[in-house]
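Enquirer: Have a look at the structure that comes next, please.
The values are calculated or read from the model by the stated rules, or taken from the named source; none is laboratory data. Just so we're clear, the structure is a prediction, and the values are computed from it rather than from any experiment. Cβ placement follows ideal geometry from the backbone for every residue including glycine, while neighbour counts extend to all protein chains displayed.
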Amino acid sequence: MENLRKLVREVPDFPKPGINFYDITTLLKDPDGLRGTIDALYEMSKDEKIDTVIGVESRGFIFATPLAYKLGAGFVPVRKPKKLPAEKVSISYDLEYGQDTLEIHKDAIGKGHRVLIVDDLLATGGTARAVVDLVEGLGGEVAALLFVVELDFLNGRSKFNGHQVESLIRYDS
């Protein structure tokens, strides 16, 4: 994964002083980097029987949709409020700087469906934990959570005991 790590741009002091932002847009614009990322996520999940791949708004959509295609699974978006048109369920969760809410269509996940959750980044784990709770609340089974980048030093992985969590690129500081 070192070849992918080289494609991630580190931006110091964004969005505020003291924060080091890991920008994946440089990975996305590189054809080999994008292809390599999707292929690597596929290799991590190809042996799982997946019914549905969830992409978390918004960058999770970029990776989840082609991965669902390669796995022969459906794709379901988890969105910010007021973006989904049909009956939905919502969950609010704490962030390091406040609260946020996510929504999913109520009929998006069936009982017993095996679900793969995909997002670009695992930091503190609050967003992904909320998605796990949405899926399990609808009767789905979380097969695994896949991330492109993980910030180990924020310990987000600790929120997923009992769940498989995989990341392509990990930063320890």
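Enquirer: Would you be able to say whether some residue in the stretch 67-75 is more than 22 Å from Phe21 (Cα to Cα) and part of a loop (DSSP other than H, G, I, E, B)? Talk me through it step by step, then tell me what you get.
Expert: At the first step, the residues of the stretch 67-75 found to be more than 22 Å from Phe21 (Cα to Cα) are 67-75.
Subsequent filtering for residues that are part of a loop (DSSP other than H, G, I, E, B) retains 72-73.
There is at least one residue in the stretch 67-75 that is more than 22 Å from Phe21 (Cα to Cα) and part of a loop (DSSP other than H, G, I, E, B).
Enquirer: If you check Ala86 against the conditions, is it of a type outside the set (Ser, Thr, Tyr) and closer than 30 Å to Arg170 by Cα?
Expert: Working: of a type outside the set (Ser, Thr, Tyr): yes; closer than 30 Å to Arg170 by Cα: no.
When the stated conditions are applied, Ala86 does not pass them.
Enquirer: Being within 14 Å of Leu168 (Cα to Cα) and aromatic (Phe, Trp, Tyr) is the filter here; which residues of the stretch 19-69 pass it?
Expert: Selection gives Tyr22, Tyr42, Phe63.
Enquirer: Does the stretch 10-36 hold any residues that are in contact with a strand residue (DSSP E or B) (Cβ under 6 Å, 6 or more places away or on another chain) and either of a type in the set (Val, Ile, Thr) or under 26 Å from Gly112 (Cα atoms) (or both), and which are they?
Expert: Answer for the stretch 10-36, where residues must be in contact with a strand residue (DSSP E or B) (Cβ under 6 Å, 6 or more places away or on another chain) and either of a type in the set (Val, Ile, Thr) or under 26 Å from Gly112 (Cα atoms) (or both): Val11, Ile24, Thr26.
Enquirer: Being more than 16 Å from the chain's Cα centre (by Cα), of a type in the set (A, V, I, L, M, F, W, C) and crowded, with 16+ Cβ neighbours inside 10 Å narrows it down to one residue among Ile169, Ile109, Ile117; which is it?
Expert: Sole residue among the options that is more than 16 Å from the chain's Cα centre (by Cα), of a type in the set (A, V, I, L, M, F, W, C) and crowded, with 16+ Cβ neighbours inside 10 Å: Ile109.
Enquirer: Within the stretch 42-62, track down each residue that is modelled with pLDDT of 95 or more and small (Gly, Ala, Ser).
Expert: Across the stretch 42-62, the qualifying residues are Ser45, Gly55, Gly60.
Enquirer: All but one of (1) at pLDDT 95 or above; (2) within 24 Å of Ser173 (Cβ to Cβ) hold for Lys80; state the number of the condition that does not hold.
Expert: So the condition that Lys80 fails would be (2).
Enquirer: Which count do you get for residues in the stretch 67-106 that are over 25 Å from Ala123 (Cα atoms), buried (at least 20 other Cβ atoms within 10 Å of the Cβ) and not small (Gly, Ala, Ser)?
Expert: Number satisfying all stated conditions: 1.
Enquirer: Now for a separate question. Name the residue that is modelled with the lowest pLDDT, counting only residues in the stretch 1-10 that are loosely packed, with under 14 Cβ neighbours inside 10 Å and either among the acidic types (Asp, Glu) or within 15 Å of Ser167 (Cβ to Cβ) (or both).
Expert: Met1
Enquirer: Only one residue in Phe160, Phe153 is of a type in the set (Phe, Trp, Tyr), surrounded by fewer than 21 Cβ atoms within 10 Å (Cβ to Cβ) and without any contact (Cβ under 8 Å) to a residue 24 or more places away in the chain, so which one is that?
Expert: One residue alone meets the criteria, Phe153.
Enquirer: From the residues in the stretch 11-66 that are without any contact (Cβ under 8 Å) to a residue 40 or more places away in the chain, among the β-branched types (Val, Ile, Thr) and not in a strand (DSSP E or B), which one is surrounded by the most Cβ atoms within 10 Å (Cβ to Cβ)?
Expert: So the residue we want is Ile38.
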